[in-house]
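Heads up: the structure comes next, in structure tokens.
The values are calculated or read from the model by the stated rules, or taken from the named source; none is laboratory data. Just so it is clear, the model here is predicted, and its values are computed rather than measured. When we count neighbours, we look across all protein chains shown, and the Cβ atoms used for this are built from the backbone with ideal geometry, even at glycine. Areas reflect the complete protein model, heavy atoms only, side chains present, ligands, DNA and RNA absent. Shrake-Rupley method; radii C 1.70, N 1.55, O 1.52, S 1.80 Å.
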Amino acid sequence: MTADPSAPAVVPVDPAAPDPATLARAADLLRRGRLVAFPTETVYGLGGHALDHEAVARIFAAKGRPAHNPLIVHVTSTAEARRLARQWPRDADRLAEAFWPGPVTLVVPRAPNLPDLVTAGLDAIAIRVPAHPVALALLAAAELPVAAPSANRSTRVSPTRAEHVAASLGDRVDLILDAGPTTVGIESTVLDLTGERPRILRPGMIGAEALAAVVGPVQRPDLDAIAAGTPRSSPGLDRRHYAPRARLSLAPSSDLAAEAARGMAEGLRVGALVHTPVALPPGVHVVRLADQAAGYARGLYDALHGFDADGCALVVVEALPDDAAWDGVRDRLARAAHRVDTP
Ligand code: TXA
Ligand code: MG
């Protein structure tokens, strides 16, 4: 077999015992301003040296990401996080204590020694300590804060497997550390601590209730406004985000089969994403996910990548329960379903 020159190096890493030589190689690339994709508990990240302007510029270029969308910086500890902040609110300490390492990103006033590009020129920086042994080992080996957006082309579905990263970014990344599928499955909860009260900018699997138990009432995002296509309220939260190529159509369980049949009658390859035993017409590519939010989130992006790989033009999605546990998942599906070409 001849090696594909456009294929990045994908190196398997055992999360229980990451190979020191592999970590050293990845850390060296990061220190030299190159890009390394690595697993976190949420999704794979596209990592670069957060204090190196050129490395950060490379991240934006590789993703095709607009410069107005700031990056999350990953560190190993609260002490390191504080060095990136000009001011460290008491709430940040409480939240870090409760949720780090873990899928919560804190937005705090930024320190002056950061490239403006990381924060997209904003006066605040987003920071988190990821709960993945490979991510933590890589950060420790590199001894650097690592800026890492999800390792996908801008506006596409985030990667939960190394294969998704390779398919989306190809040789735009210098190395991909493959530790298998991620466990949380959707991106971290982003919480803004720069205002009077904590505000959720992006919902995730750590929900408003869990956050409120630590810091008191938090402002929740308006998911109905997101679904209705209200313009973004915070940087980078574009309405159409996390989107597969297929058109997504959310419908109640009772309408799903008819929706799918309509698509097939138009000659479309149709997928269905369900979480209960719904009967669908033969020929529909059905993926059934868990009926609990955590399990559903874990499988969601892999399912969306699968529909794309299978050439589905339409995916009918069974409407989700409306309790708060599903906020993060509902947010991602609402964004994925939002069409730029419809009002
Ligand atoms: O789970 C995650 O958060 C993953 C993994 C790799 O850590 N990362 C991730 O990064 O999802 P990205 O770049 O795809 O999303 C970053 C989010 C965006 O919604 C962005 O607007 C927000 O964080 N963000 C970053 N910096 C910010 C800032 N200074 N102020 C407000 N929002 C910020
Ligand atoms: Mg992203």
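Every condition in (1) farther than 15 Å from L191 by Cα; (2) crowded, with 20+ Cβ neighbours inside 10 Å holds for A67 except the one numbered (2).
Within the range 257-278, can one find any residue that is over 11 Å from R247 (Cα atoms), within 22 Å of the chain's Cα centre (by Cα) and open to solvent by 40 Å² or more (accessible area, probe 1.4 Å)? So far as the range 257-278 goes, no, none of its residues is over 11 Å from R247 (Cα atoms), within 22 Å of the chain's Cα centre (by Cα) and open to solvent by 40 Å² or more (accessible area, probe 1.4 Å). Within the range 49-64, being outside any loop (DSSP other than H, G, I, E, B) and open to solvent by 40 Å² or more (accessible area, probe 1.4 Å) holds for H53, E54, R58, A61.
Of all the listed residues (S158, S168, S150), the sole one being farther than 22 Å from L95 by Cα, within 15 Å of ligand 2 (Cβ to nearest atom) and either of a type in the set (K, R) or in contact with a helix residue (DSSP H, G or I) (Cβ under 6 Å, 6 or more places away or on another chain) (or both) is S158. Set side by side, the residues A179, A124, A142 differ, and just one is touching a residue at least 12 places away in the same chain (Cβ under 8 Å), under 18 Å from G48 (Cα atoms) and either in contact with a Leu (Cβ under 7 Å, 6 or more places away or on another chain) or more than 14 Å from ligand 2 (Cβ to nearest atom) (or both), which is A142. Taking every residue in the range 17-32 that is open to solvent by 20 Å² or more (accessible area, probe 1.4 Å) and pairing it with any residue that is not hydrophobic (A, V, I, L, M, F, W, C), at least 6 positions away or on another chain, the pairs with Cβ-Cβ distances below 7 Å are P18/P133; L29/D174; R31/H49. Against the conditions (1) away from ligand 1 (no atom under 12 Å from the Cβ); (2) closer than 23 Å to L29 by Cα; (3) among the basic types (K, R), R153 satisfies every one except (1).
Somewhere in the range 100-123, is a residue open to solvent by 10 Å² or more (accessible area, probe 1.4 Å), modelled with pLDDT of 95 or more, within 30 Å of L300 (Cα to Cα) and more than 9 Å from ligand 1 (Cβ to nearest atom)? Scanning the range 100-123 turns up at least one residue that is open to solvent by 10 Å² or more (accessible area, probe 1.4 Å), modelled with pLDDT of 95 or more, within 30 Å of L300 (Cα to Cα) and more than 9 Å from ligand 1 (Cβ to nearest atom).
Given the structure, is R128 open to solvent by less than 10 Å² (accessible area, probe 1.4 Å), within 10 Å of ligand 1 (Cβ to nearest atom) and basic (K, R)?
Values: open to solvent by less than 10 Å² (accessible area, probe 1.4 Å): yes; within 10 Å of ligand 1 (Cβ to nearest atom): yes; basic (K, R): yes.
For R128, the condition - open to solvent by less than 10 Å² (accessible area, probe 1.4 Å), within 10 Å of ligand 1 (Cβ to nearest atom) and basic (K, R) - is met.
Within 25 Å of G328 (Cβ to Cβ) and within 23 Å of the chain's Cα centre (by Cα) - does that describe any residue in the range 29-37? Yes, there is a match, as at least one residue in the range 29-37 is within 25 Å of G328 (Cβ to Cβ) and within 23 Å of the chain's Cα centre (by Cα).
When the range 245-285 is filtered for residues that are closer than 19 Å to V157 by Cα and assigned to a strand (DSSP E or B), the ones remaining, listed by number, are R247, L248, S249, L250, V270, G271, A272, L273, V274, H285. Could you check, for the range 84-96, whether at least one of its residues is in contact (Cβ under 8 Å) with a residue 24 or more places away in the chain, outside any helix (DSSP H, G or I) and surrounded by 21 or more Cβ atoms within 10 Å (Cβ to Cβ)? Yes, the range 84-96 contains a residue that is in contact (Cβ under 8 Å) with a residue 24 or more places away in the chain, outside any helix (DSSP H, G or I) and surrounded by 21 or more Cβ atoms within 10 Å (Cβ to Cβ).
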